[in-house]
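Data block below; observations after.
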Amino acid sequence: MARSGKPKLAVFKFASCGGCQLSLLDLEEELLTLAGELQIAYFVEASKAAVRGPYDLTLVDGSITTPHDAGMIKKVRRASKFLVALGACATAGGIQALRNFKDVKEFQAVVYPRPEVIDTLDKSTPIAAHVQVDFELQGCPINKGQLLAVISAFLQGQTPSVPHHSVCLECKLKGNICVLVARGLPCMGPVTHAGCGAICPTYQRGCYSCFGPKETPNTASLSERLRCLGVTEADLVRAFRTFYAGAEPFRRESEAHEK
């Protein structure tokens, strides 16, 4: 990929906790190497420097929840040659997508003394609902190793790729005893995208699906298994409405148990 000078990297934040941006900063020594290969043109979390676009690579963290953000993401897209959505918020609406199942005006009336001044959208939506996204990286927060692989692929002119298997394979690779089968603990691992290194099952806890749905997740089958463990319909709704409540497979499954 021929370029004159260093390619420009920009990082933009919308509605999120900022954890995915911290994953980039957490690269530490690798970040210094990247800084030698990229010009960090815009990254408020890390620097006051603000270089105008166009940008060669733009990383976007956060969901779209306000009219202002809905307009801003279009400007970011126009200024970006290659755009990557980072994390649960940017790829599925994040934990704030819980608002999508209720009337947001009810929340405003309870939380704010003057709800009429709040300018917000009815739903929290992923970046791809508003503009074309070139690649999505799941996680809450994302895996910094996967992020490094995506940036490295960009620098080499290759298509990024990350594993699409479930957390169950990560457990097998670590030699974990299945907490769902052997211990009868509710676990979202069979339907969850890999990337966390099976942290929770390694410490004898069920997976909470921090990395969202894997490809073609059989959510109905997992729900049936969890019912056999005594999990109630209300708890099944909650199990599928965490970090990835807005992801289509989890949204459908949660609604199937909402009576």
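For the reader, a short list of remarks on this structure follows.
- With a Förster radius of 22 Å applied to the beta-carbon distance between ALA220 and HIS164, the computed FRET efficiency rounds to 0.65.
- The chain - share of DSSP beta bridges that are antiparallel (%, nearest 5): 25
- Taking amide H atoms as placed 1.01 Å from N in the peptide plane, the amide H of ILE40 lies under 5 Å from those of LEU9, each 5 or more residues away in sequence or on another chain.
- Mean residue ellipticity, 222 nm, helices only, the chain: the sum of -39500 (n - 2.57) across DSSP H runs of n ≥ 4, divided by residue count and rounded to 500, is -9500 deg cm²/dmol.
- Normalised by the number of residues in the chain, the mean separation of alpha-carbon contacts (under 8 Å, six or more apart) gives a relative contact order of 17 percent.
- Neighbour-count order for TYR208, TYR55, fewest beta carbons within 10 angstrom listed first: TYR208, TYR55
- Above-threshold pairs, the threshold being 18 Å between Cα atoms, out of LYS8/LYS144; LYS13/LYS48; LYS13/LYS75: LYS8/LYS144
- Förster radius 45 Å - calculated FRET efficiency between ALA50 and GLU258 (Cβ-Cβ, nearest 0.05): 0.50
- Computed E for ALA129/ILE177 - FRET, C-beta separation, R0 30 angstrom, nearest 0.05: 0.15
- Between GLN204 and GLU248, the simple spin-label model (points 7 angstrom out along Cα→Cβ) gives 4.0 nm.
- The stretch 126-259: C-alpha gyration tensor shape, a/c 1.5 cut-off, then a/b vs b/c: oblate
- Packing order of peptides 7-15, 222-230, highest average first: 7-15, 222-230 (average count of other Cβ atoms within 10 Å over each peptide's residues).
- Over the stretch 174-259, relative contact order from alpha-carbon pairs under 8 Å, at least 6 apart, %: 26
No value in this document is a laboratory result; all are computed from the given coordinates. Remember, it's a predicted structure, so these values are computed and weren't measured experimentally. Heads up, the Cβs are rebuilt from the backbone with ideal geometry, glycines too, and the neighbour counts pull from every protein chain shown.
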